[in-house]
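Everything on this sheet refers to the single structure shown next.
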Amino acid sequence: MIISGKELSARLKAEMAERVATFPEKYGRVPHLVVVLVGDDPASVSYVTGKAKASEVVGIRNTTIRKPDTITEEELLGLIRQLNEDDTVDGILVQLPLPKHISEAKVIETIAREKDVDGFHPLNVAALWQKQPCVLPCTPKGIIRMLKTAGVQISGKRAVVIGRSNIVGLPVAKLLLDENATVTIAHSRTEDLPSLTRQAEILVVAIGRPKFVTADMVSEGTAVIDVGVNRDPETGKLCGDVDFASIEPKASVITPVPGGVGPMTICCLMENTIECFLAKVAPKA
Ligand code: GUN
């Protein structure tokens, strides 16, 4: 079965739109997400456009601020501090990656924790690993939602995550662990990776290499989540980290690229923006 992130996210966004439509009467306004894009990398431009479109569907106010890649680190940090102070802004997202002269760590820690819709702030990350309430990072949150919706039992399963980034690999491993899977975190240089991945009942791949996972690495009945977004060197088309054509017949469920994890990431960003908004306008006692 192919898990369509596109369809699931469309359904969830429609439900969110209904909720958000009640906000002006209840709270006097709708949530406001500010997305900052530095430079004009085509992939980043496309992601940011996707975030603006989803905001429109859900009824969230979106402001996209574009800055040239000549902006200094201090100028960017100054912009973030201004947005932190701005009471009309509920969520702040700075699209990554950033130009080399700007420290991503400094940018992430400058965003006010309560407006950190990405869940990247060190205090959010710490809260996640300490099982405290926090904003969950969008891609890992979307992956768990897809597995559950597809009826994949996570508890008691052997999960292998290939990739150890702060954005996907590490947090998705943590969320799977919290769902009582037994999790192994691997990477592209893990020795004898195929014998490890063949033991996986849930396989999440997030390393950014076209068709890195081949059919011999996957056992019959595995749930396969492909986080990769790459260009196929032969066809120039978008492709994942997984060789979809040869693995799809073996997998119990599999996510396509495009139309799998990507739309769910954006959907969870909408959810996080609503969460940050509600925490501000309707804080629980
Ligand atoms: N670049 C790739 N994925 C992401 C994401 O989830 N958030 C941000 N801010 N930048 C990204």
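Here are the numbers for the structure shown:
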quantity	calculated
Shape call, region 1-104: gyration tensor on alpha carbons, a/c limit 1.5	oblate
Cross-link reach list, aspartates and glutamates versus K67, counting only Cα pairs under 17 Å and skipping chain neighbours closer than eight places	D40, D41, E75, E104
Extension gain from R19 to L123, taking 0.36 nm per residue of separation minus the Cα-Cα distance	34.6 nm
Rounded Å value of the spacing that divides the Cα centres of region 28-74 and region 230-267	25 Å
Most fluctuating residue given options D178, D192, D40, as computed from a GNM of the chain linking Cα atoms under 10 Å	D192
Kirkwood-based shape ratio for region 90-224, expressed as Rg/Rh from alpha carbons	1.00
All lysines inside 16 Å of K141 as judged from Cα atoms, apart from same-chain residues fewer than 8 positions distant	K6, K13, K131, K174
The chain - share of DSSP beta bridges that are antiparallel (%, nearest 5)	5 percent
Size descriptor, Kirkwood hydrodynamic radius, that averages inverse alpha-carbon separations across region 43-135, Å	14.3 Å
Partnerless cysteines, meaning none of the other Cys C-beta atoms lie under 4.7 Å away, in the chain	C134, C239, C267, C276
Choice from G236, G156, G221 with maximal GNM fluctuation in the chain (Cα, 10 Å cutoff)	G236
Cα gyration tensor shape for the chain, rounded if a/c is under 1.5, else prolate or oblate	prolate
Radius, Kirkwood style, for region 110-162 when every pair of distinct Cα atoms is counted (Å)	12.6 Å
Positive dipole terminus of the chain, leading residue within G163, P68, Q130 (C-beta point charges)	Q130
Antiparallel %, DSSP beta bridges [both residues in region 139-285], to 5	10 percent
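Bear in mind that the values in this text are calculations on the coordinates, not laboratory data. These numbers were taken from a predicted model, which means no experiment stands behind them. Glycine gets a Cβ as well: all are built from the backbone with ideal geometry, and neighbour counts include every protein chain shown.
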